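Novice: Here it is: the structure, laid out below.
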């Protein structure tokens, strides 16, 4: 199995006050910074063979750097797969950094979070990132739906990705966090565009919207990827109750591994 969205945190990331709402919701100590061995153990507990772990770049705030992600990947013995990020306020530097992430660090995707920047993904500052991802042949990962941290959610509406996909048909886009409360938008955009996908990170099985489950079980079986959003939710907790979805063997295999392996070139 492959987990499409985790982050191995740094103290800068875990301790940021904007995550206070998540601490309240999860009743967990997000300030604790796991070792790489702790993260690998969490993957083992769920039978996860590999997880995509991401850098976090915001305005004037690098919470997890690309080089830190590279060090986590190296320490993990092949269990962690790097996902880079960049400062979109400096477009040329962002393009150089994305190329470095792919060519030198061996990362498999780039992730930018619109809510961190308070900008929708149709903003011009994202466009050099899209070009670089197309040129490098790696997916662009982003967050869709409302935000857990106390930041505005509107920039996460999945419908913004419709315009991006129209202008960049070569770009593979993975929208994480299901898109709730706009899950129907997420499904519509993923259905319309060949290269748009959804991952289930930040949600446990019992919280999957009904329409997403229906999509996964039928015409979206190759469009939905499992993700946990560790350390907020461990992979084992995220997968609890999976059998209750009634997925057949083909759909289950696609959801838990095959789609991620194909999308990220693993």
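Each value in this text was obtained by applying a stated rule to the coordinates, not by laboratory testing. Please read these numbers as outputs of a predicted model, since none were measured by experiment. Neighbour counts are summed over all protein chains in view; Cβ atoms, including those assigned to glycine, are modelled from backbone coordinates with ideal geometry.
Novice: With springs only between Cα atoms under 10 Å, which of 218, 177, 146 fluctuates most in a Gaussian network model of the chain?
Specialist: 218
Novice: What is the range 79-186 by shape, rounded, prolate or oblate, if you read a ≥ b ≥ c off the alpha carbon gyration tensor as root eigenvalues and call it rounded for a/c under 1.5, prolate for a/b larger than b/c, and oblate otherwise? If you can, show how the numbers build up before the last one.
Specialist: Values: a/c = 1.61, a/b = 1.54, b/c = 1.05.
Prolate.
Novice: For the range 104-230, calculate the relative contact order in percent as a whole number, restricting contacts to Cα pairs under 8 Å that are 6 or more residues apart. Can you show the working numbers first?
Specialist: Values: 216 pairs, mean separation 26.2, N = 127.
Once divided by the residue count of the range 104-230, the mean separation gives 21 percent.
Novice: Run the numbers on the range 208-266 and let me know its relative contact order in percent, using alpha-carbon pairs under 8 Å that are six or more apart.
Specialist: 42 percent
Novice: A follow-up question, please. Would you please state which residues of the range 138-159 a label at residue 244 would reach in this model, taking the label point 7 Å out along Cα→Cβ and a backbone N cut-off of under 20 Å?
Specialist: Zone members listed by number: none at all.
Novice: Among 182, 56, 115, which one moves the most in a GNM of the chain with springs linking Cα atoms closer than 10 Å?
Specialist: 182
Novice: Oh, and also: Consider the candidate values [x] 7, 28, 31, 15, 5, 5, 4, 3, 1, 1, 0; [y] 7, 31, 37, 21, 4; [z] 7, 33, 40, 19, 1; state which one is P(r) over Cα pairs in 10 Å bins from 0, in percent computed from the structure displayed.
Specialist: [z]
Novice: Starting with the fewest neighbours, write out 134, 101 ranked by other beta-carbon atoms found within 10 Å of each beta-carbon. Can you show the working numbers first?
Specialist: Values: 134 15, 101 27.
Least to most surrounded, the residues fall as 134, 101.
Novice: A further question follows. Sorted from fewest to most neighbouring beta carbons within 10 Å, what does the list 168, 255 look like?
Specialist: So the residues, fewest neighbours to most, are 168, 255.
Novice: If you don't mind, another one. Once the Cβ-Cβ distance between residue 163 and residue 131 is put in as r, and R0 is 25 Å, what FRET efficiency do you end up with, to the nearest 0.05? Mind showing how you got there, number by number?
Specialist: Working: r = 15 Å, r/R0 = 0.61.
Step by step, r from the Cβ atoms, then E = 0.95.
Novice: Right, another one. Exposure proxy check: 184, 214, 248, 3 ranked by fewest other beta carbons within 10 Å?
Specialist: Lowest to highest Cβ neighbour count: 248, 214, 184, 3.
Novice: Relative to a virtual label point 7 Å from the Cα of residue 211 in the Cα→beta-carbon direction, which members of the range 116-149 show backbone nitrogen distances below 19 Å?
Specialist: Answer for this model: 143-147.
Novice: Give the distance, in whole Å, between the Cα centre of the range 121-136 and the Cα centre of the range 34-63.
Specialist: What the calculation gives is 25 Å, centre to centre.
Novice: Could you work out the relative contact order of the chain, using alpha carbon pairs under 8 angstrom and six or more residues apart, expressed as a whole percent?
Specialist: So the answer I get is 19 percent.
Novice: Right, another one. Name the shape class, rounded, prolate or oblate, that the alpha-carbon gyration tensor gives for the range 99-147, where a ≥ b ≥ c are the square roots of its eigenvalues, rounded holds for a/c under 1.5, and otherwise prolate holds if a/b is larger than b/c and oblate otherwise.
Specialist: In terms of gyration-tensor shape, prolate.
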